[in-house]
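Colleague: If you scroll down you'll find the structure; I have some questions about it.
The values are calculated or read from the model by the stated rules, or taken from the named source; none is laboratory data. Predicted, not measured: the structure shown is a model, and the values here were computed from it. With ideal geometry, Cβ positions are generated from the backbone for all residues, glycine too; neighbour counts draw on all protein chains shown.
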Amino acid sequence: MDDRKAVQALAALGNQHRLRIFRNLVKAGPTGMRAGELAERLGIGATSLSFHLKELDRAGLLVSTRQGRNIIYAVHIDGMRDLLAFLTEDCCQGRPELCGDLATAARLCPTPPEAPDD
């Protein structure tokens, strides 16, 4: 990840609603959540949620898939890994063991299964 992409991802997460959306999707894991479920859980209107989801998607932090009438949003695991790796790659003057679990957290997240072709 280069500086420009890192700034874009951090800027997307630098909003209270987007951070809450992202954290909820992290909890949901690779299966993700329906947009309506996210809106209800967070108390965000559909238009506002759509705007925030679009910003997270542009930053490479989300993936979306259509399932019938629903759109399912999930964290883009590789995008999250890249950001975590970027933030910790020079941890503690080249001694990542000093950062504890943080330095290895990005490698522990499972890679989501590929979406089936319709």
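Colleague: Before we move on, is ARG18 in contact with a Leu (Cβ under 9 Å, 6 or more places away or on another chain), of a type outside the set (Phe, Trp, Tyr), assigned to a helix (DSSP H, G or I) and touching a residue at least 24 places away in the same chain (Cβ under 8 Å)?
Modeller: Yes.
Colleague: Using the structure shown, decide if ALA85 is among the small types (Gly, Ala, Ser) and in contact with a strand residue (DSSP E or B) (Cβ under 8 Å, 6 or more places away or on another chain).
Modeller: When the stated conditions are applied, ALA85 does not pass them.
Colleague: Would you call PHE22 within 25 Å of CYS99 (Cα to Cα), surrounded by 14 or more Cβ atoms within 10 Å (Cβ to Cβ) and at pLDDT 95 or above?
Modeller: The answer is yes for PHE22.
Colleague: Return the only residue of GLU89, GLU37 being more than 11 Å from the chain's Cα centre (by Cα) and surrounded by fewer than 14 Cβ atoms within 10 Å (Cβ to Cβ).
Modeller: Selected residue: GLU89, the only one of GLU89, GLU37 that is more than 11 Å from the chain's Cα centre (by Cα) and surrounded by fewer than 14 Cβ atoms within 10 Å (Cβ to Cβ).
Colleague: In addition: If you go through the stretch 7-16 one residue at a time, how many are under 13 Å from the mean Cα position of the chain (by Cα) and more than 17 Å from ILE77 (Cβ to Cβ)?
Modeller: The total comes to 4.
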